[in-house]
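Only one structure is covered here, and it is reproduced in the block below.
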Amino acid sequence: MRASSTDLPVLLPYRSPAGIAPSGLAAPILLGGATLACFAILFGASLALAQVTARPAGESAAAVLMRWAPLIFQGFLFNILISFLSMALGTVVGVLVGIAQVSVVAPVRGAAWGLTQFFRNAPWLVLLFYAMFLLPFEFSVFGLTIAFPAWIKAIIGLALPVAANVSEIVRGGIRSIPSGQWESAESLAFTRRQTMWMIILPQAFKRMIPPWMNLYAILTMATTLISVVGIQDGLTITRAALVAESRPELMIPMYLLLLLMFFAYCYPIARATLSLERRFNVKA
């Protein structure tokens with residue numbers, strides 16, 4: 001019996017009710033637009049409140065904010081640069097450690113698992129402090145002194161937890177491939193290395209992309225931790241602007257401006273992650 005000829009509603013094909021659009025790209029765009037509109041209203045209200053509470057003879061709140069906005073944006077771009085470099089370093093190390101986690105050599109597998117669990121469950125700020133204060137400030141190579149800048153040490157400090165999380169993503173992606181793939185490759189006389197690089201990893205790659213992108217978004221927001229160790233980023237410049245102006249009423253508008261920059265950058269990444277999860281049919 002064809003489904004179209006049955007009288008049982010449960011067997012009939014589903015049709016969306018009239019007036020309800022199917023879910024797709026429109027819903028995320030509307031949600032993001034609504035969130036941005038809420039931010040804009042909140043930002044405008046905080047700016048108006050700052051203007052009302054400002055000193056009568058002082059400069060307008062909007063003028064002060066416009067003067068500092070380019071510097072805050074430059075600091076935000078430095079946060080993005082730190083996130084790029086930390087993610088790149090952490091990804092390279094994490095892929096190698098993740099592959100080592102599925103090694104057939106027990107000591108290698110155990111060491112990789114231990115490193116992953118240690119750095120994955122350690123506080124990011126603590127690792128950042130260790131990198132800042134345990135790594136040397138300069139190197140001497142053949143009598144030549146080479147400075148080791150603090151921002152490079154910050155990249156290393158943030159790359160440690162990133163590498164651990166990437167390692168777990170890689171391990172999970174490899175383990176998600178059915179064991180029949182390994183058995184089929186073995187029946188075709190593939191070595192384990194050939195099976196890993198030519199069969200398993202290409203299939204697992206698309207499953208790793210969504211959690212990898214989600215990790216990058218988390219890392220981007222965590223780059224503000226570098227302000228704690230004295231590196232000038234967007235948060236440090238925002239705090240310095242408030243101290244220089246000595247106007248506490250500008251605290252909410254300035255921090256909202258920085259928050260809006262991070263939201264505008266991270267929200268599209270989050271939407272792209274969900275889109276790839278649906279496209280690749282990757283379950284969270």
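The values are calculated or read from the model by the stated rules, or taken from the named source; none is laboratory data. The structure displayed is predicted, hence computed values, not measured ones. Note: ideal-geometry Cβ built from the backbone for every residue, glycine included; neighbour counts use all protein chains shown. Each accessible area value is taken on the protein alone, full model and side chains, heavy atoms only, with ligands, DNA and RNA left out. Shrake-Rupley method; radii C 1.70, N 1.55, O 1.52, S 1.80 Å.
Heavy-atom accessible area with a 1.4 Å probe sorts Arg193, Arg67, Arg171, largest first, into Arg193, Arg67, Arg171. What separates the Cα centres of the stretch 83-124 and the stretch 209-284 is a distance of 25 Å.
Given the peptides 267-274, 101-108, arrange them by the average over their residues of other C-beta atoms within 10 Å, most packed first.
267-274, 101-108
Each label was represented as a point 7 Å from its Cα along the Cα-to-Cβ direction; for Leu125 and Arg67 these points are 3.2 nm apart.
Label-to-label distance, Ala270 versus Leu96, with points set 7 angstrom from Cα along the beta-carbon direction: 3.4 nm.
What whole-number value in Å² describes the accessible area per residue of the stretch 32-182 for a 1.4 Å probe?
Spelled out: the 1.4 Å probe surface of the stretch 32-182, per residue, equals 54 Å².
Normalised Debye scattering of the stretch 167-242 at q = 0.14, 0.18, 0.20, 0.25 Å⁻¹ gives log10 I(q)/I(0) of -0.60, -0.75, -0.84, -1.06, counting only Cα atoms as equal scatterers and leaving out solvent. 3J(HN,Hα) along the stretch 202-210: x, 6, 7, 4, 5, 6, 7, 4, x Hz, from the Karplus curve 6.51 cos²θ - 1.76 cosθ + 1.60 with θ = phi - 60°, whole Hz, x for Gly and Pro. Surface composition of the stretch 112-201: carbon and sulfur atoms hold 67% of the protein heavy-atom accessible area at a 1.4 Å probe. Applying 1/(1 + (r/R0)^6) with R0 = 41 Å to the Cβ-Cβ distance of Trp113 and Leu260, what FRET efficiency is obtained, to the nearest 0.05? That gives a FRET efficiency of 0.50. Modelled spin-label separation between Ser103 and Val228, with each label point placed 7 Å from Cα along the Cα-to-Cβ direction: 3.3 nm. Note on Ser60/Leu81: beta-carbon distance plugged into 1/(1 + (r/R0)^6) with R0 of 25 Å gives a FRET efficiency of 0.15. For the stretch 61-143, with equal point scatterers placed on the C-alpha atoms only and solvent neglected, what are the log10 I(q)/I(0) values from the Debye formula at q = 0.12, 0.15, 0.20, 0.25 1/Å, to two decimals? Relative scattering, expressed as log10 I(q)/I(0), comes to -0.63, -0.83, -1.05, -1.17.
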